[in-house]
Every structure is written in C-alpha cells, then in structure tokens.
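Have a look at the structure below, then the notes.
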C-alpha cells in the first residue's frame, strides 16, 4: 500500500511530537548537528530520522490492505527532499501487508543490515504506542536499551502556545509566592513570563530560584521541571477533551440501534455498557493523579513545606506512561465517534455498524490497561 503522498508535507510540520504526529524532520533540522543527536538518534537510517509518523484513523477503503483490526494505524511519510517538503513524500502503513519488504526496497537496504533491523524494531514500537505525545514518548524511550536524545521530548511550539494561557493561570499561586505579591492576576506579565520559561525546554536554568525554593539539587531540579511540565501538559489536554468526552458518553448511552436481532441487541448493549464503564475508569484514573497534584500544589502555595510538592514532581514522570495511555484511549474513542457521525444524522445507527464499531472501541480502550484483570465479558467482547 506504499505510495506517493503528493500533497505538501508542510501541512503536518509540528516542530516535534504531538499526540497524532511525530515530526522527526523538524527535530532533525533544528538539532541534527548536536553531539547528543549524533549519539542518540531516533533512527540510524538518515531518511527515517527525517520522516513523519502519523496516527491515522483507518478508513473503510484502507481495511483490505491492513492486517490489523485496530481502528488506528500508523503511517510513515518519508520526504522526497529534506530541503523541499513541497515535493511531497512516499508513504507506508506499518500495518500494511508486506510493509517490511516494501520499506527495505524503498530505502535500498541490503538483506543483512543490523541497523535496519534495529530501526524496524523501533518502527514496530511506534505502531504499538497509542500516541506520540512527548511525555508518553519519554516514558518509553528515556530508560530503554537504546535511549534517544531529549530533544524528542520537547512540547511542540504549537502546543506550547495553545497551553500557555492555561498554564499561566495555573501557576499564579507560585508567582505570588515568588514575588510576595497577593495581587498578581492570571494575565500578569510576570506570570506569563514564568509560564513561558517553564514550557521552554531550553530555558530551565532561568528558573534556578525555584530549585532553591523546592530544595532540589541540579539533577533533581531537571527531573522535577520535566515532571511539572508533563503534569501541566496532561492537565491542559484533559481540559481540551473533557467536553467531547461528556458528549460521547451521553450520545453512546442514548443512541438507538436499528435492526438488531434479540441476541445481537443483548450483545450490543453489553458491549456498550463495558465501553461506558471502561471510559469512566480511565478518566477517573487520570483525574485522580491531577487531584493529587492540585492538593500538593495548593498546600505549597499556601506556605506549607515544599517537601510534598518536590516529592510529587520527582515522581511525576513515573505516571506519564499510564497518563498517556489512558488519555490517548479516551481521546481516540471520542474523536472517532465525532468523525464517524460526519455527514450522518445522529441518534441511531444500524446493528451492522454497531457490531463493527463497538468491539473496536472496546479493544482500543482495553489495550495496555493492565492495572487489574479484565472481567470475562469485557475480554470476550474485545476479542470479538
């Protein structure tokens, strides 16, 4: 299914990693000459290391060519020219039949190539990861056998800008404490500057005063700032998807299934119940971590000892794997539900559509959810 993507790749340039797009091209262009990138590239093949990866919602016309039943597939687009994205690129689905042979032939890789085998294994890992958000990527690739450069974990410029106002409002308490000024408002320039410096991965040393307030050494400070950015990032994304999630839960609960036989209707309603319960479980897990952060942060800004907040920030990266998994699962079902209803009248769907869509939703929600065993019905429905 590999083919030519003739549309300009400039549309998908993000400057780094976002949940849906991993823009290796921008990272290579900006940091490719650094020693850290030379020592810890994402891929050994230079063309792969300047490519784009996309999480792609599988369309009906894609299915005959793919071996996966998952509703999301992973697409690679390799630019024709690194210098001119307007020339387009060559695209492949990782899950397409014959992917390995097609990619190897396209890259001109010999039959025995150790670096290609390692690159292919990493491509498979990216297909397995449900999202490319930078903190989920950090959870996967910071402590692995082949760690990658820290530049791959930067929040993309577009997302930094989008979350800046939200972060500024959240950290006003910290700024009031730092300046001993009870009158700082959410639009205060000092608070905005503090937020910009916090989100800027290259500017953490300008917040060195915070290190002393929190009682951290330099290594702890770097880890703590990264943990804080991750928590703020996930808080922002939770806020972004909250309304869509509420609408999804209402519409899924209320949708009428047409033409179902009695046995099908019973199964559809059981799957629907399992989806609703699993979404609520994953959302509760997400918000619990944020509630814990809010509690420690408020106590710190209220003049309490900094030990609890420091401890939370240092432990925060340990939450990123599950936060990223839970949020990507919830985001997928809400976004695909909205996409599916495009040009359709809401309120009812056929039994055939429900029997195809609902098990797919349940599979994606249960994927990588390992905190507790799945009950028998949920596992059976997910397996089809």
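The values are calculated or read from the model by the stated rules, or taken from the named source; none is laboratory data. Note that the structure is predicted; figures quoted are calculated from it, not measured. Cβ coordinates were reconstructed from backbone atoms using ideal geometry, including for glycine residues, and neighbour counts include every protein chain displayed.
Structure values in brief
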read-out: Test for residue 272: is it in contact with a helix residue (DSSP H, G or I) (Cβ under 9 Å, 6 or more places away or on another chain) and within 30 Å of residue 337 (Cβ to Cβ); value: yes
read-out: Yes/no for residue 122 being outside any strand (DSSP E or B), within 28 Å of residue 329 (Cβ to Cβ) and at pLDDT 90 or above; value: yes
read-out: Identity of the residue in segment 133-150, over 21 Å from residue 237 (Cα atoms) and part of a helix (DSSP H, G or I), that ends up modelled with the lowest pLDDT; value: 150
read-out: Residue ID - nearest to residue 336 (Cα to Cα), chosen from residues in segment 37-96 that are in a helix (DSSP H, G or I) and in contact (Cβ under 8 Å) with a residue 12 or more places away in the chain; value: 65
read-out: Some residue of segment 351-363 being under 17 Å from residue 235 (Cβ atoms), touching a residue at least 24 places away in the same chain (Cβ under 8 Å) and either in contact with a helix residue (DSSP H, G or I) (Cβ under 9 Å, 6 or more places away or on another chain) or not in a helix (DSSP H, G or I) (or both); value: no
read-out: Residue 244 being within 21 Å of the chain's Cα centre (by Cα) and either surrounded by fewer than 20 Cβ atoms within 10 Å (Cβ to Cβ) or at pLDDT 95 or above (or both); value: yes
read-out: Exclusive hit being outside the structural domain of residue 142 (by TED's automatic domain parsing), under 19 Å from residue 240 (Cα atoms), surrounded by 19 or more Cβ atoms within 10 Å (Cβ to Cβ) and in contact with a helix residue (DSSP H, G or I) (Cβ under 7 Å, 6 or more places away or on another chain), set 282, 310; value: 282
read-out: Some residue of segment 33-40 being crowded, with 16+ Cβ neighbours inside 10 Å and more than 26 Å from residue 332 (Cβ to Cβ); value: yes
read-out: Any hit, segment 170-187, residues being surrounded by fewer than 17 Cβ atoms within 10 Å (Cβ to Cβ) and at pLDDT 75 or above; value: no
read-out: Any hit, segment 326-336, residues being without any contact (Cβ under 8 Å) to a residue 40 or more places away in the chain and surrounded by fewer than 20 Cβ atoms within 10 Å (Cβ to Cβ); value: no
read-out: Flag if residue 290 is in a loop (DSSP other than H, G, I, E, B) and closer than 29 Å to residue 139 by Cβ; value: no
read-out: Checking residue 30 against (1) in contact with a strand residue (DSSP E or B) (Cβ under 6 Å, 6 or more places away or on another chain); (2) surrounded by fewer than 17 Cβ atoms within 10 Å (Cβ to Cβ); (3) modelled with pLDDT of 90 or more, the condition it does not meet; value: (1)
read-out: Only one of 274, 260, 304 that is in the same structural domain as residue 220 (by TED's automatic domain parsing), over 20 Å from the mean Cα position of the chain (by Cα), part of a loop (DSSP other than H, G, I, E, B) and surrounded by 14 or more Cβ atoms within 10 Å (Cβ to Cβ); value: 260
read-out: Which numbered condition residue 161 fails, given (1) closer than 18 Å to residue 16 by Cα; (2) touching a residue at least 40 places away in the same chain (Cβ under 8 Å); value: (2)
